[in-house]
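The values are calculated or read from the model by the stated rules, or taken from the named source; none is laboratory data. Since the structure is predicted, the reported quantities are computational estimates derived from the model, not experimental observations. Please note: Cβ atoms are built from the backbone with ideal geometry, for glycine as well, and neighbour counts cover all protein chains shown.
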């Protein structure tokens with residue numbers, strides 16, 4: 001029996017992991033998130049309220065649960081918010097990682113830590129696991145600091161880097177690029193979309209599978225866990241429009257420099273997945289198949 005604690009269980013990735021693990025006979029699952037449990041199905045796992053930015057709270061929960069594995073999904077991921085509030089970004093993405101690492105070391109946990117393509121400058125994407133970190137944004141810098149805390153710890157650890165995660169969950173508080181594009185185009189609203197950034201969009205279910213594979217394989221080291229298709233952001237949005245038969249003439253190409261975003265984005269990221277395929281058996285959906293899965297889930301929610 002593996003005892004697995006998930007942080008950020010109310011979030012997109014956290015919810016997917018909980019739903020995939022809660023009925024497994026070989027897993028004792030502990031979901032944790034700030035505030036109350038927002039999942040509709042609350043059977044098959046224990047829930048603890050956990051503020052990862054409160055060291056005493058982190059110590060209390062991890063010392064009590066003593067998990068074999070911690071899958072750390074909780075983070076501040078709004079890139080522009082991080083640029084505008086460095087202190088908040090540091091609390092969530094650096095200090096909280098230190099608190100979790102310290103508690104995990106004391107309890108001899110195996111840590112699965114989620115990181116990002118934004119640790120790279122985007123000049124040489126797509127990247128393999130040996131890519132050199134050179135973040136352009138404060139978010140990227142903070143996530144890189146968090147990675148270094150994990151890498152320099154005495155823990156057994158795996159770092160899973162991902163790109164532009166999309167999907168739907170219970171009580172969804174934030175949108176993502178697929179739902180945003182679909183919603184705007186269905187209303188007939190023109191949208192401005194950058195044509196000079198490239199990503200490999202990641203279905204939340206695929207990232208959850210990567211996390212679970214890392215646990216099941218006792219993986220250590222760095223792994224790229226993303227979608228397998230690389231698109232410019234504008235072609236990604238056009239693909240959403242094609243899938244739903246929406247009007248692509250509403251999609252206006254713009255340069256990143258015209259958006260006045262607080263944080264710089266890396267132009268070309270995306271990941272080479274050979275290591276994750278080979279060592280973990282990771283096999284992600286295509287982007288079109290990912291959209292189809294979301295559409296099926298949306299239909300089920302309405303029925």
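At-a-glance table
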quantity: Unmet criterion (only one of (1) crowded, with 21+ Cβ neighbours inside 10 Å; (2) within 25 Å of residue 90 (Cα to Cα); (3) in contact with a helix residue (DSSP H, G or I) (Cβ under 6 Å, 6 or more places away or on another chain)) for residue 11; calculated: (3)
quantity: Qualifying residue in the stretch 110-117 (condition: over 19 Å from residue 30 (Cα atoms), assigned to a helix (DSSP H, G or I) and touching a helix residue (DSSP H, G or I) at 6+ places or on another chain (Cβ under 9 Å)); calculated: yes
quantity: Residue check, residue 264 more than 30 Å from residue 113 (Cβ to Cβ) and over 16 Å from the mean Cα position of the chain (by Cα); calculated: no
quantity: Filtered residues of the stretch 158-169 (kept if within 21 Å of residue 298 (Cα to Cα), in a loop (DSSP other than H, G, I, E, B) and touching a helix residue (DSSP H, G or I) at 6+ places or on another chain (Cβ under 6 Å)); calculated: 167, 168, 169
quantity: Selection within the stretch 1-30 - more than 15 Å from residue 100 (Cβ to Cβ), without any contact (Cβ under 8 Å) to a residue 60 or more places away in the chain and either over 17 Å from the mean Cα position of the chain (by Cα) or part of a strand (DSSP E or B) (or both); calculated: 1, 22, 23, 24, 25, 26, 27, 28, 29
quantity: Number of the condition not met by residue 148 [criteria: (1) under 23 Å from residue 82 (Cβ atoms); (2) touching a residue at least 24 places away in the same chain (Cβ under 8 Å)]; calculated: (2)
quantity: In the stretch 171-183, residue farthest from the chain's Cα centre (by Cα) [restricted to those that are in a helix (DSSP H, G or I) and surrounded by fewer than 17 Cβ atoms within 10 Å (Cβ to Cβ)]; calculated: 183
quantity: Residue that is farthest from residue 76 (Cα to Cα) [pool: residues in the stretch 38-57 that are buried (at least 17 other Cβ atoms within 10 Å of the Cβ) and touching a strand residue (DSSP E or B) at 6+ places or on another chain (Cβ under 7 Å)]; calculated: 45
quantity: Residue within the stretch 32-55 that is in a helix (DSSP H, G or I) and more than 28 Å from residue 163 (Cβ to Cβ) present; calculated: yes
quantity: The one condition in (1) surrounded by fewer than 19 Cβ atoms within 10 Å (Cβ to Cβ); (2) over 28 Å from residue 39 (Cβ atoms) that residue 137 fails to fulfil; calculated: (1)
quantity: Every residue from the stretch 249-282 that is touching a residue at least 60 places away in the same chain (Cβ under 8 Å), more than 23 Å from residue 185 (Cβ to Cβ) and not in a helix (DSSP H, G or I); calculated: 262, 263, 264, 266, 267, 268, 269, 270, 271, 272, 281, 282
quantity: Tally of residues being assigned to a helix (DSSP H, G or I), closer than 20 Å to residue 14 by Cα and either in contact with a strand residue (DSSP E or B) (Cβ under 8 Å, 6 or more places away or on another chain) or modelled with pLDDT under 95 (or both) across the stretch 213-248; calculated: 2
quantity: Residues of the stretch 109-132 that turn out to be out of contact with any strand residue (DSSP E or B) (no Cβ under 8 Å at 6 or more places or on another chain), surrounded by fewer than 19 Cβ atoms within 10 Å (Cβ to Cβ) and closer than 26 Å to residue 209 by Cβ, as a count; calculated: 1
quantity: Selection within the stretch 189-200 - surrounded by 24 or more Cβ atoms within 10 Å (Cβ to Cβ) and part of a loop (DSSP other than H, G, I, E, B); calculated: 200
